[in-house]
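Only one structure is covered here, and it is reproduced in the block below.
The values are calculated or read from the model by the stated rules, or taken from the named source; none is laboratory data. Small disclaimer: the values here were computed from a predicted structure and weren't measured. Glycine also receives a Cβ, built like all others from the backbone with ideal geometry; neighbour counts cover every protein chain displayed. Side chains are part of the model used for accessible areas, which takes the heavy atoms of the whole protein and leaves out ligands, DNA and RNA. Shrake-Rupley method; radii C 1.70, N 1.55, O 1.52, S 1.80 Å.
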Amino acid sequence: MPLPPTYYLNSDVVFLAKDLIGKYLFTKIDGQLCGGIITETEAYKGIGDRACHAFGGRRTARNEMMYAQGGVAYVYLCYGIHLLLNVVTNQKDTPDAILIRAIHATHGAELMLKRTGKPQMSPQVTDGPGKVTKALGITLADNGESLQNKRIWIEDRGLDLSKMEILSTPRIGVGYAGEDALLPYRFLNQDF
């Protein structure tokens, strides 16, 4: 069952980014299910975060979905090459989002291999944000999709992370953000 809509309305995007580690991300496209355990995320804390697309209240056609009420997908093209999936959180007009950076594949390995052109399953198939979207079949058409539907959703399947370490580090590729580039808003688990 998808996480409840209220889950995404939490005002602490950093807490949610860490809490998503161990949850399951799924897509079901053309009747084909695939997905896996979220193992790496990054939090982007709205208008006050220099690394966030909405820093300073910036609103563009590209980032407008960040201003939606939490519980939708924010999908955008990065460097004109990779599609990236973010989970929008918080209340409407508070542009917080969580980048899904990696998953551990658990469902639909053959489909993921077909989509990515890889010969065999390995962690490298889904160990980057652009790789995740490609493997799961996520496109720009999914920008704004509710995470409550049957196309993209996140589940809590009760995975016990108490014995696993969740690391916290600065985010990747945001050196332009000055001091905010050093914030420990990246979370990952390397036990998978």
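One table, with the values for the structure above:
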item	result
Lys/Arg +1, Asp/Glu -1 at C-beta; the chain dipole; positive extreme among Tyr176, Thr126, Leu161	Thr126
Principal axis dimensions, region 47-105 - Cα atoms, whole angstrom, descending	33, 24, 19
Centroid-to-centroid separation of region 170-192 and region 121-169 [C-alpha atoms, Å]	18 Å
Over region 68-182, volume per residue of the alpha carbon convex hull, in Å³	149 Å³
Relative contact order computed over the chain (Cα-Cα under 8 Å; 6+ residues apart), in percent	29 percent
GNM result for the chain, Cα springs below 10 Å: residue of Glu165, Glu64, Glu40 fluctuating most strongly	Glu165
Karplus-derived HN-Hα couplings along region 110-117 (A = 6.51, B = -1.76, C = 1.60, θ = phi - 60°), whole Hz, x at Gly and Pro	4, 5, 4, 5, 4, 5, 9, x
Surface accessible to a 1.4 Å probe, per residue, for the residues of region 115-161, Å²	52 Å²
For region 1-61, alpha-carbon Rg over 2.2 N^0.38 Å	1.38
Of Leu147, Leu20, Leu33, the one that fluctuates the most in a GNM where the chain has Cα springs shorter than 10 Å	Leu33
Label zone at Leu9 (point 7 Å along Cα-to-Cβ), backbone N below 16 Å, region 26-69	68-69
Under the Karplus curve 6.51 cos²θ - 1.76 cosθ + 1.60, θ = phi - 60°, whole-Hz ³J(HN,Hα) for region 40-57, x wherever Gly or Pro sits	8, 9, 9, 8, 10, 9, x, 5, x, 9, 4, 8, 8, 4, 9, 3, x, x
Two-site FRET efficiency, Cys78 against Glu179, from Cβ-Cβ distance with R₀ of 25 Å, rounded to 0.05	0.65
Cleavage-rule hits (chymotrypsin sites (Phe, Trp or Tyr not before Pro)) in region 50-127: DSSP loop, at most 12 neighbouring Cβ within 10 angstrom	Tyr79
Carbon + sulfur, % of accessible area of region 1-146 - ligands and nucleic acids excluded, 1.4 Å	54 percent
For region 119-126, 3J(HN,Hα) per residue [Karplus equation, 6.51 cos²θ - 1.76 cosθ + 1.60, θ = phi - 60°, Hz, x = Gly/Pro]	x, 8, 6, 7, x, 5, 5, 10
Environment charge at Ala102 (Cβ cut-off 11 Å; Lys +1, Arg +1, Asp -1, Glu -1)	0
Amide H contacts under 5 Å for Ala97, placed H, 5+ residues apart	Tyr44, Gly46, Thr89
Net length gained if the chain between His107 and Gln120 were fully extended (0.36 nm per residue, minus Cα distance)	3.3 nm
